[in-house]
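To start, the structure itself, in structure tokens.
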Amino acid sequence: MELFNPNSNIDFLSWRKVSMVISAILVIGSLVLLGTRGLNYALDFTGGVLVEVTYKDAVQVDQVRSALEAGGFEHAQVQSLGGTRDVAIRLQPRADQKDAEQVGKTVMDALQKARSDATLKRHPDLVGSSVGAELRSDGIVAAVFVMIGIMIYIGIRFEKRFAIAAIASEIHDTILTIGFFSLTQMEFDLTVLAALLAVIGYSINDKVVVFDRVRELFRLTRKAEPYTILNNAINQTLSRTIMTSSTTALTMFALYFVGGPAVHGFGLTMLVGIVIGTLSSIFFANPILYWLGVSKTDLMPVTRENPELARRP
């Protein structure tokens, strides 16, 4: 199935200067936002108060969340404790609340206003931010190791210029995705961090497909200009890129709109990452590869004495 003619000759590289300038502006803007506004870390990273509540009859997590929002706790995290009657609530104290006991009392007032069978399972606990700091550092380490692993893989499978272009694209996509959350100040929690790591893997998938086609075209064409080869590789993989991105985006749309608040962050991060990764595969990775001077000699040294190559166009 081809959405676009694989033999089309759209000159994507002719837009490389414009696309690279736009990418540079977006990356610098994202870094400025991260340096000035930072991220709106959720309770996973900042700590808060943990309140465990039990109900006489079964309760839905959405019912608990709605009762908390009505009571003024809009960003509370609600999780089931393995059954249908017990829930754990983690939230940040409001400005007028000084300790965990006071927060627990306010929470119970909001819950009992919605359902009178809610009772406190145990005394509220104050969760410190040290665990959150450790999670942040572990997330950074995980992202760095993922990028290093990708660079090693691309370097082994292809050539060092491809590895440099791939890792530059990964850094570009990651910074822009994080910059989106800094700009919007949406909560950055563990699900967003997990989605960010998934975005890194998804993004490199597109690059590998295009890079693999570049290598094939260099191999099949004896007299090959890098500019033409890179353009042809993008054109021939465009249908696959768009179809993969579209089907994945449809899944993430469903997850975002139907999956519930607990996975909103994951779905939105993936949607943003899919858009950024798809565009960078076309307008960022290949211009980098072209400016690095990739050529047929780098990938497959050939000899003039080979009769099979002599018969190729």
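Please list the non-local residues whose amide H lies under 5 Å from the amide H of Ser8, H modeled 1.01 Å from N, same-chain partners needing a gap of 5 or more.
Here the answer is none, since no amide H 5 or more places off falls under 5 Å of that of Ser8.
In whole Hz, what ³J(HN,Hα) sequence does the range 237-249 give by Karplus (6.51, -1.76, 1.60; θ = phi - 60°), x for Gly and Pro?
Rounded to whole hertz, the list is 9, 5, 4, 5, 4, 5, 5, 5, 5, 5, 5, 5, 5.
Pick out, in residue order, every one of the trypsin sites (Lys or Arg not before Pro) in the range 42-92 that is DSSP loop and has at most 14 other C-beta atoms within 10 Å; say none if there are none.
Numbers: sites: Lys56, Arg65, Arg85, Arg90; in loops: Lys56, Arg85.
In loop regions of the range 42-92 (DSSP not H, G, I, E or B), the sparsely surrounded trypsin sites (Lys or Arg not before Pro) are Lys56.
Could you work out the pair-distance distribution P(r) of the range 201-257 from its alpha-carbon pairs, with 10 angstrom bin width and percents rounded to whole numbers?
It works out to 22, 41, 22, 11, 3, 0, in whole percents.
With r defined as the distance between the Cβ atoms of Thr36 and Ile140 and R0 fixed at 25 Å, what FRET efficiency is calculated, to the nearest 0.05? Before the final figure, lay out the partial values.
Details: r = 19 Å, r/R0 = 0.78.
Step by step, r from the Cβ atoms, then E = 0.80.
What number, in percent, do you get for the relative contact order of the chain if the mean sequence gap of Cα pairs under 8 Å and at least 6 apart is divided by its residue count? Working shown, then result.
Details: 420 pairs, mean separation 80.9, N = 313.
About 26 percent, as a whole number.
Karplus couplings for the range 109-118 from phi (6.51 cos²θ - 1.76 cosθ + 1.60, θ = phi - 60°), rounded to Hz, Gly and Pro as x?
4, 5, 6, 6, 5, 7, 9, 6, 8, 7
For the chain, which whole percent of the accessible surface, found with a 1.4 angstrom probe, sits on carbon and sulfur atoms?
Taking all protein chains in place, the chain shows 61 percent carbon and sulfur surface.
Under 5 Å between amide H atoms, partner at least 5 residues away or on a different chain: which partners does Glu52 have, H built in plane at 1.01 Å?
Counting only residues 5 or more places away or on other chains, the set is Ile89, Lys121, Arg122.
Quick one: 3J(HN,Hα) in Hz for the range 224-233, Karplus 6.51/-1.76/1.60 with θ = phi - 60°, rounded, Gly and Pro as x.
Result, ordered by residue: 10, 8, x, 4, 5, 4, 5, 5, 5, 4 Hz.
Given the alpha-carbon gyration tensor of the range 178-304, what are the semi-axes of its equivalent ellipsoid in whole angstrom, ordered largest first, with each equal to the square root of 5 times an eigenvalue? Walk me through the intermediate numbers first.
Details: eigenvalues 260, 40, 22 Å².
Sorted largest first and rounded, they come to 36, 14, 10 Å.
Divide by every residue of the chain the summed helix terms, -39500 (n - 2.57) for each DSSP H run of at least 4, and state the resulting mean residue ellipticity at 222 nm, rounded to the nearest 500 deg cm²/dmol. Working shown, then result.
On the way: 12 runs with 202 residues, N = 313.
About -21500 deg cm²/dmol.
Under a 1.4 angstrom probe, counting protein chains only, how are Ile10, Ile200, Ile140, Ile175 ranked by accessible area, largest first? Provide the component values of the computation, followed by the final result.
Working: Ile10 65, Ile200 5, Ile140 110, Ile175 35 Å².
Result of the area sort, largest leading: Ile140, Ile10, Ile175, Ile200.
For the chain, take the longest principal axis of its alpha carbons; what is the angle in degrees between that and the long axis of helix 264-283, to the nearest 10 within 0 to 90?
Once rounded, one gets 10 degrees.
Scan the chain and report its longest stretch carrying no GluC sites (Glu not before Pro) that are both in a DSSP loop and have at most 12 other Cβ atoms within 10 Å.
Answer from the scan: 75-304.
Taking +1 at the Cβ of each Lys and Arg and -1 at the Cβ of each Asp and Glu, which of Val209, Thr228, Val51 sits farthest along the dipole of the chain towards its positive end, judged by Cα position relative to the Cα centre?
Ranked along the dipole, the leading option is Thr228.
Which value, in Å², gives the accessible area per residue of the chain when a 1.4 Å probe is used on the protein heavy atoms? Kindly include the intermediate steps, with their values, before the conclusion.
Details: 16240 Å² over 313 residues.
Ligands and nucleic acids excluded, the figure is 52 Å² per residue.
The values are calculated or read from the model by the stated rules, or taken from the named source; none is laboratory data. Every value quoted in this text rests on a predicted model; they were computed, and no experiment measured them. Every residue, glycine among them, receives a Cβ derived from its backbone with ideal geometry; neighbour counts consider all protein chains shown. For the accessible areas, the whole protein counts, side chains as well, though only heavy atoms, and no ligand, DNA or RNA atoms are used. Shrake-Rupley method; radii C 1.70, N 1.55, O 1.52, S 1.80 Å.
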